[in-house]
Amino acid sequence: MSLVQQLALFIDVVQQQSFTKAAALHDMDNSSLSKQIKKLETELGVQLLNRSTRSFALTPAGEEILQQAYQLVDTLHQVRLIADSYLAEPKGRIRITAPLHIGQLYLQPVITDFMQRFPEVEIVLLMDDKRSDIISDHFDVAFRLARLDDSSLIAKKIADIRVVTLASDAFIERYGAVKTPEELSHLPAVIYSNGSLTVDMMRFNEQPGSKRFIDYPMQGNYKVNDVRSLLEAVQAGLGYATIASSVLYRPLADMQLRPLLTEYAHDNQGLALYALYPHRRKTALVTEFIAAVENYIGAIPRWEQHIPDFDRYYHIKPFDDGAKK
């Protein structure tokens, strides 16, 4: 292993604060990584890390060498970017992270086509609804449902995602046609909950035409961290749900679901699909892949095509009081 590769391993150990996590990034075992760090220390003639049984800390020499290592590794990455820009077609490795449903519904079809067109490309896809650290986990691009305020990342909007409130035909037959968000808030809901994120509030405007939004609590005995299971529970009539429209994978009629309270406006709070990538890591491969995702999703997002007349729903419309002009 070259000196540069060993320095890159050293950087990852420090960033991850763990030999185990750093080793996983490189498909290595702990002992192999530890040997490489020791070889690096022998080559440089200084100790970089003070190790104990459960932790480690940078030595003064390690701190200075770490800063230089950052610059060296970054410079070499820029050299690779320049070389990539002259390639006839994309090649190389790309690490991608995305929420589970985005990966399954929208990235997997793109990846299948992409790898057939560019057989020399290697793709690693990590699907997880919990956010990874894009920089330290070495992701080339991350797809997120919200823009992150991180100065080290570039955010490119792929498509807006609108919120929709759904219930099954059986649910509507049981509870009747709901007329207001307040009325709905007293009925059973199926709630998405994953780690620190629990979606147990609906944000509708106060009345049709109003620009004032109100939070309405959702009440339900079933919380689930998987959107496919959430939709199946709604189909079964366990409750209604307020969801991102991007989780829909079939037309509503096929799923025997109906949108509720469509004359009210949802506050989408900037919900959209973004491609995020580090400032200085946008290779030709990343550019080509993001463009392929944009093309697949389309100007009118695929998910909106599952809801007939969705373009007329959940907007703030002028209040019609029946007065003649």
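Here are a few things to note about the model shown:
- Scanning segment 124-149 for residues that are without any contact (Cβ under 8 Å) to a residue 40 or more places away in the chain and either under 20 Å from Gln104 (Cβ atoms) or in the same structural domain as Ile243 (by TED's automatic domain parsing) (or both) yields Val124, Leu125, Leu126, Met127, Asp128, Arg131, Ser132.
- Residue identified as over 30 Å from Thr112 (Cβ atoms), at pLDDT 85 or above and crowded, with 18+ Cβ neighbours inside 10 Å among Ala61, Ala8: Ala8
- Residue in segment 4-20 that is farther than 16 Å from Asp74 by Cβ and charged (D, E, K, R) present: no
- Residues of segment 31-57 that turn out to be of a type in the set (A, V, I, L, M, F, W, C), more than 33 Å from the chain's Cα centre (by Cα) and farther than 13 Å from Ser2 by Cα, as a count: 3
- Verdict on Leu107 being touching a residue at least 60 places away in the same chain (Cβ under 8 Å) and over 30 Å from Pro251 (Cα atoms): no
- Condition met for Lys223 (in contact with a Ser or Thr (Cβ under 8 Å, 6 or more places away or on another chain), part of a strand (DSSP E or B) and under 27 Å from Ile102 (Cα atoms)): yes
- Where helices (runs of 4 or more DSSP H) fall entirely within segment 7-125, those with at least 3 residues that are of a type outside the set (Lys, Arg) and more than 21 Å from Ala284 (Cα to Cα) are at 19-25, 30-44, 60-84.
- Test: residue in segment 30-53 that is at pLDDT below 90, surrounded by fewer than 13 Cβ atoms within 10 Å (Cβ to Cβ), farther than 28 Å from Asp140 by Cα and hydroxyl-bearing (Ser, Thr, Tyr): yes
- Among the criteria (1) touching a Phe, Trp or Tyr at 6+ places or on another chain (Cβ under 8 Å); (2) among the polar types (S, T, N, Q); (3) modelled with pLDDT of 95 or more, the one Asn295 does not fulfil is (1).
- Restricted to segment 175-201, and to residues there that are in contact (Cβ under 8 Å) with a residue 60 or more places away in the chain and buried (at least 17 other Cβ atoms within 10 Å of the Cβ), the residue that is nearest to Arg258 (Cα to Cα) is Val178.
- If you go through segment 227-257 and keep only what is surrounded by fewer than 17 Cβ atoms within 10 Å (Cβ to Cβ), over 20 Å from Arg302 (Cβ atoms) and out of contact with any Asp or Glu (no Cβ under 8 Å at 6 or more places or on another chain), you end up with Ser229, Glu232, Ala236.
The values are calculated or read from the model by the stated rules, or taken from the named source; none is laboratory data. Predicted model only: the values in this text are computed from it and were never measured. All Cβ positions, even for glycine, are placed from backbone atoms using ideal geometry, and neighbour counts span all protein chains on display.
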